[in-house]
Amino acid sequence: MYRTIQQSLLARIQAILLAKYDITLTQLAVEQPPSIAMGELALPVAFELAKRLRKAPRAIATELAAELTAELAAGQPELQGIASVEIAGAGYLNIRLDRTAAVRRSAADQHADIGGPGFRLIEHTSINPNKAAHIGHLRNAILGDTFQRLLRKDDYKSGYEVGVQNYIDNTGVQVADVVVGLVHLEGKTLGSTRELLTELMETSTRIDYYCWDLYARVSQWYTATTDAAELAARKQLRLDTLHALETGSNETAEIADLVSTAVLRRHLETMERLGIEYDFLPRESEILSLHFWDAARTLMMERGVLYLETSGKNKGCYVMRRAGAEAQVIGSDAPDEDAKVIVRSNGTVTYVGKDIAYHLWKFGLLPGKDFGYERFHEYPTHTCWISTAGPVTEPQPPTFGKADAIYNVIDSRQNDPQTQVVQALRGMGFTDAADRYTHFSYEMVALTPRCAMDLGYTVSEEDQKRAYIEVSGRKGFGVKADDLLDRLIAAAKAEVDTRHPEIAETERLSTATQIGIGALRYFMLRFTRNTVIAFDFKDALSFEGETGPYVQYAIVRAANIFRKAGTTAEESLAAMATLDLGAALDVEEGSSLWETWLLASKLTLVIEQCISTAEPAYLAKYAFQLAQQFNNFYHRHHVLNETDPARKTLLLATAAVAQREMVRALGYLGIEAPPVM
RNA sequence: GCGCCCGUAGCUCAGCUGGAUAGAGCAUUUGGCUUCGAACCAAAGGGUCGGAGGUUCGAAUCCUUCCGGGCGCACCA
């Protein structure tokens with residue numbers, strides 16, 4: 001509702017500026033006055049124009065206010081919902097809304113739409129399938145999943161077509177390391193690996209946990225010898241194993257496939273606990289076996305992005321110039337030593353090369369290449385597909401490439417490689433694709449030294465002085481996602497048990513689960529993307545203050561009002577259509593009510609802001625502020641004790657609108673509202 | 001050495017395209033449950049927005065420089 005009014009107001013002002021001063025301003029700032037008593041919107045536009053018109057801001061504001069006031073009086077339809085315009089401060093244009101009209105529109109759930117044409121591809125999670133997911137992976141998956149919810153079509157908005165991909169690097173060194181561990185440290189064969197998987201399954205031991213320890217053990221084993229020959233042999237073993245995985249069709253590759261697929265299934269389980277689902281799992285093994293790279297290489301050569309280096313340190317490699325390096329290299333005979341190697345002198349492709357091929361596919365720019373598709377996992381409402389090399393057996397295989405825009409949720413340490421992929425696209429003339437490529441970058445989750453020591457890790461004196469310590473799968477250093485989730489749910493369960501001994505165990509558990517997940521998802525979303533999260537159990541396990549459970553609790557309180565009043569939120573809102581509001585919203589005491597309505601009407605504005613800045617944290621902040629606003633309202637107005645029936649209707653509707661928008665906001669954050677807590 | 005990010009209350013963080021008195025949570029102190037549930041609310045204390053210049057009517061926000069911290073800069077993935 002709020003966004004609708006704001007949009008048409010700005011359009012109107014732009015028209016006036018054009019007519020009156022012959023000025024076009026594409027960006028018009030909108031702020032909120034320091035106090036609601038001064039109006040709902042504040043426009044600093046007069047300051048902006050002061051210099052261009054060589055006039056005092058206040059004089060310009062006076063002219064604009066006069067113009068707008070005249071149009072208001074004339075009933076200009078674009079200014080619908082606005083009550084008055086006045087000048088404030090040194091030249092602000094403060095706008096007052098027609099509160100009664102605004103409340104009616106909100107009650108009727110009128111709001112601006114969000115969405116557009118085109119297919120948007122989001123890649124997130126992408127955990128190497130060789131170990132358990134940890135808190136860093138949780139941040140990735142929760143960010144990606146939340147953003148996906150903001151974009152996708154739903155009951156509230158028309159949205160965009162969205163595909164969610166989880167890229168699986170099943171042929172990389174990390175998987176190779178675990179295979180080395182199984183084969184050379186534990187003496188496993190293909191057969192005994194199968195037996196191990198069965199045994200783990202039967203004892204409900206998590207395979208990803210098993211690999212977590214094994215991976216750490218192998219990483220250490222590689223360097224745990226003083227014998228130079230042995231050291232070299234171990235290194236070679238690692239390379240040979242990696243090579244076997246990349247080649248495929250051998251026993252080593254089969255072991256890798258067995259283990260990585262089992263771990264992948266565990267990752268999907270972990271994420272499903274958090275309400276995170278995927279549409280497609282493209283695997284590196286198919287990118288290799290379907291020769292995506294060959295097609296990409298041809299294209300890159302044709303377009304002059306890739307060239308053979310004939311001298312210098314990169315002699316014999318196919319290389320690509322880095323961004324911004326063109327100027328200094330062109331016209332020079334010397335080799336570009338700073339160039340990025342894409343194909344090694346032994347003919348193998350680097351990571352960036354494979355990534356370029358993959359991204360060409362994402363945009364539908366890789367001629368004649370597509371994955372085979374196979375059903376991998378069934379969610380209640382849809383199928384998760386996985387890539388295959390074989391012919392398509394499904395009658396109607398899905399389409400996942402050919403995206404109009406892509407978002408890659410990848411941590412900020414990958415900034416350089418991501419830039420190189422974009423650079424390659426741009427260099428090949430795919431500027432449109434390059435422009436629609438968003439590296440959804442975020443900072444890592446690290447452990448505070450205290451947290452690391454609590455977990456039993458030895459922390460060096462030097463590390464103890466640091467603010468945080470980076471987690472490391474290689475060292476087995478970190479907090480596993482499932483462990484954290486288990487702890488959160490257990491903590492919530494203990495609380496629910498004491499508060500609600502009267503309800504059934506299964507319901508207590510499901511409520512505790514919703515609270516635990518709410519706490520976790522909110523915790524990962526409350527920080528803006530480029531803030532390093534220094535993880536600490538004390539903060540993450542908190543259910544008070546700025547947390548997910550705080551918002552959930554506000555919703556439960558609202559729900560209790562309707563339950564005891566013998567009505568519903570929907571009925572309460574419907575009653576607003578005919579209610580004579582009188583001056584209830586204007587008096588000082590009524591302001592608290594109006595502020596609730598106003599804030600509740602800003603959801604679409606906030607979502608739009610989250611999408612355009614790729615920053616879900618704003619929505620988390622908004623959900624919390626709305627809950628705070630509601631709690632304040634809750635204490636100031638005792639709804640059920642209200643004797644004036646008209647006023648009671650208004651109070652009920654106020655609680656209802658706050659509840660409706662809190663539930664929606666939490667929904668986009670992937671957090672459910674429990675019935676009790 | 002080069003590139004990117006960060007530095008705001010005791011702690012953890014917001015502060016969007018420059019705007020009115022820099023805000024939350026936690027912690028501390030105090031007050032509030034016979035009430036629609038206190039996982040809550042109210043109040044108090046707590047700030048040279050890392051330092052110094054500059055642009056501007058106006059700077060936490062933009063520019064320059066310095067200081068402090070983090071992360072990247074492979075024929076590893």
Matching option when the condition is closer than 13 Å to A:Leu258 by Cα and β-branched (Val, Ile, Thr), among A:Thr226, A:Thr189: A:Thr189
Among the listed residues A:His359, A:His377, which satisfies the condition of being part of a helix (DSSP H, G or I) and away from RNA strand B (no atom under 14 Å from the Cβ)? A:His359
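I'm trying to understand the selection: among the residues of the stretch A:30-53, which are under 32 Å from the mean Cα position of the chain (by Cα) and among the polar types (S, T, N, Q)?
Just the residues of the stretch A:30-53 that are under 32 Å from the mean Cα position of the chain (by Cα), to begin with: A:30-34, A:40-43.
The answer is A:Gln32, and nothing else.
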So is A:Thr498 modelled with pLDDT of 95 or more, more than 8 Å from RNA strand B (Cβ to nearest atom) and either outside any loop (DSSP other than H, G, I, E, B) or under 30 Å from A:Met453 (Cα atoms) (or both) or not? no
Restricting the stretch A:496-512 to residues that are in contact (Cβ under 8 Å) with a residue 60 or more places away in the chain and surrounded by 17 or more Cβ atoms within 10 Å (Cβ to Cβ), the one nearest to the chain's Cα centre (by Cα) turns out to be A:Thr511
For the stretch A:60-137, give me every one of the strands (runs of 3 or more DSSP E) that falls completely inside it and has 1 or more residues that are touching a residue at least 40 places away in the same chain (Cβ under 8 Å) and in contact with a Pro (Cβ under 6 Å, 6 or more places away or on another chain). A:92-97
All conditions in (1) over 22 Å from A:Asp586 (Cα atoms); (2) more than 35 Å from the chain's Cα centre (by Cα); (3) surrounded by fewer than 16 Cβ atoms within 10 Å (Cβ to Cβ) are true of A:Gln27 except (2)
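So is A:Leu484 away from RNA strand B (no atom under 14 Å from the Cβ) and over 30 Å from A:Met444 (Cβ atoms) or not?
no
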Taking the condition in a helix (DSSP H, G or I), surrounded by fewer than 21 Cβ atoms within 10 Å (Cβ to Cβ) and either touching a strand residue (DSSP E or B) at 6+ places or on another chain (Cβ under 8 Å) or not aromatic (Phe, Trp, Tyr) (or both), does A:Ala646 pass? yes
Filter result for A:Leu488 (closer than 14 Å to A:Gly136 by Cβ and either outside any loop (DSSP other than H, G, I, E, B) or touching a His at 6+ places or on another chain (Cβ under 6 Å) (or both)): no
Looking only at residues that are out of contact with any Leu (no Cβ under 6 Å at 6 or more places or on another chain) and β-branched (Val, Ile, Thr) in the stretch A:424-470, which one is farthest from RNA strand B (Cβ to nearest atom)? A:Thr431
Pairs where the first residue, in the stretch A:599-624, is at positive phi and the second is among the basic types (Lys, Arg) and not in a helix (DSSP H, G or I), C-beta under 9 Å, 6+ apart: A:Ala614/A:Arg529
List the residue pairs whose Cβ atoms are under 7 Å apart, where the first residue sits in the stretch A:187-210 and is within 25 Å of A:Met271 (Cβ to Cβ), the second is assigned to a helix (DSSP H, G or I) and basic (Lys, Arg), and the two are 6 or more positions apart or on different chains. A:Arg206/A:Arg266; A:Ile207/A:Arg266; A:Asp208/A:Arg266
Here's a check for you: in the stretch A:538-563, which residue that is near RNA strand B (Cβ under 7 Å from one of its atoms) and not in a loop (DSSP other than H, G, I, E, B) is farthest from A:Glu642 (Cα to Cα)? A:Asp539
When the stretch A:94-134 is checked residue by residue, the ones that are within 14 Å of RNA strand B (Cβ to nearest atom) and crowded, with 24+ Cβ neighbours inside 10 Å are A:Ile95, A:Ile127, A:Pro129, A:Asn130, A:Lys131
Which of the helices (runs of 4 or more DSSP H) found entirely inside the stretch A:182-295 contain at least 2 residues meeting this: loosely packed, with under 15 Cβ neighbours inside 10 Å? A:190-202, A:207-223, A:228-247, A:251-273
Identify, please: which residue in the stretch A:7-48 is among the polar types (S, T, N, Q) and assigned to a helix (DSSP H, G or I) and is, among those, nearest to A:Ala83 (Cα to Cα)? A:Ser8
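The values are calculated or read from the model by the stated rules, or taken from the named source; none is laboratory data. Please read these numbers as outputs of a predicted model, since none were measured by experiment. Here Cβ is always computed from backbone atoms with ideal geometry, including for glycine, and neighbour counts include all displayed protein chains.
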